[in-house]
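The values are calculated or read from the model by the stated rules, or taken from the named source; none is laboratory data. Keep in mind that what you see is a predicted model, and the values were worked out from it rather than measured. Positions of Cβ are generated from backbone atoms using ideal geometry, with glycine treated the same way; all protein chains shown enter the neighbour counts.
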Amino acid sequence: MVNQKGVTVWFTGLPCSGKTTIADKVAEFLSAKGYKVERLDGDSFRKELSIDVGFSKEDREENLRRAAYVAKLLTRNGVIVLASFVSPYSKTRNKIRNEIGDFIEVYVECSPEICKKRDVKGMYKKALAGEIKDFTGVNDPYEIPESPEIVIDTNKNNVEESANIILKKLRELRYI
């Protein structure tokens, strides 16, 4: 077991931008090195802890409030938390940052066109057809972070390169 300080690495970006894939790769590396690491992911979080909330602005904020609380508890107990949530609103992300303290924001940048191509669930198609309302990036806004600690451009960087950028920052900040 590695002696470590807790931190939350919060991945934000459009749906299908690569947040989960990159966070999983970082978790794989950290776990192999003996770090205590937990993954919080928007899809699985909604299936387990936020089954009662929808996708209105208020519901999204409630979902993220719950996720931030869990991340804060894990972080203060020395766990590296890799949280991947669309989290479209700057004000909410800033509130989460202040709540958690040890926090690294990762903006996973990806063009809407590429996100649509990666969308195996067909969510973009449904949103464009009017079957899903309040879908981030189609009929609900995504506010790009103003000053994230890390920007990953998944239009250009593959999963390995993206994970290495995050691991480098964790080393620089002495979390690993």
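Within the range 124-145, being farther than 19 Å from A83 by Cβ and surrounded by fewer than 16 Cβ atoms within 10 Å (Cβ to Cβ) holds for K125, K126, L128, A129, G130, E131, K133, D134, N139, P141.
Conditions tested, residue by residue: (1) in a helix (DSSP H, G or I); (2) within 11 Å of the chain's Cα centre (by Cα); (3) of a type in the set (A, V, I, L, M).
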residue	(1), (2), (3)
T8	no, yes, no
T20	yes, yes, no
E28	yes, no, no
R39	no, yes, no
E58	yes, no, no
A71	yes, no, yes
G78	no, no, no
L82	no, yes, yes
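Provide a single number: the residues in the range 163-172 that are in contact (Cβ under 8 Å) with a residue 24 or more places away in the chain and either out of contact with any strand residue (DSSP E or B) (no Cβ under 7 Å at 6 or more places or on another chain) or closer than 30 Å to D59 by Cα (or both). Steps first, please.
Going residue by residue through the range 163-172, those that are in contact (Cβ under 8 Å) with a residue 24 or more places away in the chain are 163, 166-167, 169-170.
When the remaining residues are screened for being either out of contact with any strand residue (DSSP E or B) (no Cβ under 7 Å at 6 or more places or on another chain) or closer than 30 Å to D59 by Cα (or both), the result is 163, 166-167, 170.
Residues meeting the conditions: 4.
Within the range 130-145, is there a residue that is of a type outside the set (A, V, I, L, M), assigned to a loop (DSSP other than H, G, I, E, B) and touching a Cys at 6+ places or on another chain (Cβ under 6 Å)? Within the range 130-145, not a single residue is of a type outside the set (A, V, I, L, M), assigned to a loop (DSSP other than H, G, I, E, B) and touching a Cys at 6+ places or on another chain (Cβ under 6 Å).
Residue pairs whose Cβ atoms lie under 7 Å apart, separated by 6 or more positions or on different chains, with the first residue in the range 12-25 and free of Cβ contacts under 8 Å to residues at least 24 places away in the same chain and over 19 Å from A127 (Cβ atoms) and the second among the aliphatic types (A, V, I, L, M) and surrounded by fewer than 24 Cβ atoms within 10 Å (Cβ to Cβ), do not occur. Report whether or not S50 is surrounded by 14 or more Cβ atoms within 10 Å (Cβ to Cβ), modelled with pLDDT under 95, of a type in the set (G, A, S) and in contact with an Asp or Glu (Cβ under 8 Å, 6 or more places away or on another chain). When the stated conditions are applied, S50 passes them.
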